[in-house]
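The values are calculated or read from the model by the stated rules, or taken from the named source; none is laboratory data. A quick note: this is a predicted structure, and the numbers were derived from the prediction, not measured. Cβ atoms come from the backbone with ideal geometry, glycine included; neighbour counts cover every protein chain shown.
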Amino acid sequence: MTSLRPSDLARGHGLSAQAVRNYERDGFLPPAERTDSGYRLYTEVHAAALRAFLALVPAYGHAAAGRIMRALHGGALDDALTLIDRGHSGLLRDRETLAAVRDALDRLTAERAGPTEATEATRPRPGPTETTEATRPGATGATVPGARRAWTVGELARHLDVTPATLRKWEEAGVLAPARDPATGYRHFRADDVRDAELAHLLRRGGHPLDRIATVVRRIRTAGGADALAASLGDWQRKLTARGVAMLHAATHVSHYLTLLDLPAPPSTTSPTSPAGPQHA
């Protein structure tokens, strides 16, 4: 088998020879043989391992790719496959979250455009406005239009036609994060909190679970609002597509690498009988 130096493996991957040695040290490559003078001797098996690891990184991330390779080199094929399965499961959850975000934004857009007969019955009720001195009983002077103020849990519950217990459950799930009055400990829901609650209400009506709704709401908070998130959906979709393609690419390299390792062969899918069926004497 042809012997390769670290620089031979590094060439073509944009790596340094030291990076290759570090990958071996970290278990991403199998241990290399050494010459009498201590120089490493790599083989085509190491080259295949390097290609597999570098293909796994964009698909599963650097840390997971390293764990997968270490599991393979430890003979723990099932552990490696479990890590790969978790990556696919995570990508599926991300796709479902993206679909939930699109569903929620479509619903928000429809409600902003005006209620239909189907949505009028479930449209949230108008929220509270700030009560000023000019509008309190007995006050004199013109009425000053009120500005939105912080809502109590009861006011927000009535706004959405849900119970306060439901809002507290959403808070426990990470969907809502209201501020607390330092003196009383009461929840105060600001404009962003109301937006998150309205979005959660829409998604719950659409049958989405709370953990997915919490992910969607966090996305909107990070993006800076629903409009900003809507503008980023295309980029989000492209990233998920790239991850999916990277997983397919990684699978071909890992599959090839498995043929070079001394691991148990997968069970044969070939039928013990001929295509014509069992022969009878």
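For region 180-219, how many residues are touching a residue at least 60 places away in the same chain (Cβ under 8 Å) and surrounded by 13 or more Cβ atoms within 10 Å (Cβ to Cβ)? If you could, list the steps in order and put the result at the bottom.
Step one: of region 180-219, the residues touching a residue at least 60 places away in the same chain (Cβ under 8 Å) are 194, 198-199, 201-203, 205-206, 208, 212-213, 215-216, 219.
When the remaining residues are screened for being surrounded by 13 or more Cβ atoms within 10 Å (Cβ to Cβ), the result is 194, 198-199, 201-203, 206, 208, 212-213, 215-216, 219.
Here the count works out to 13.
For region 1-53, give me the residue count where each residue is of a type in the set (A, V, I, L, M), surrounded by fewer than 12 Cβ atoms within 10 Å (Cβ to Cβ) and in a helix (DSSP H, G or I).
As a first pass, look at region 1-53 and keep what is of a type in the set (A, V, I, L, M): 1, 4, 9-10, 15, 17, 19-20, 29, 32, 41, 45, 47-50, 52.
After this cut, where a residue has to be surrounded by fewer than 12 Cβ atoms within 10 Å (Cβ to Cβ) as well, the list is 1.
Then keep just the ones that are in a helix (DSSP H, G or I); that gives none.
Of the residues in region 1-53, 0 are of a type in the set (A, V, I, L, M), surrounded by fewer than 12 Cβ atoms within 10 Å (Cβ to Cβ) and in a helix (DSSP H, G or I).
Exactly one of (1) assigned by TED's automatic domain parsing to the domain that holds Val254; (2) surrounded by 18 or more Cβ atoms within 10 Å (Cβ to Cβ) is unmet by Val101. Its number?
Among (1) assigned by TED's automatic domain parsing to the domain that holds Val254; (2) surrounded by 18 or more Cβ atoms within 10 Å (Cβ to Cβ), the lone unmet condition for Val101 is (1).
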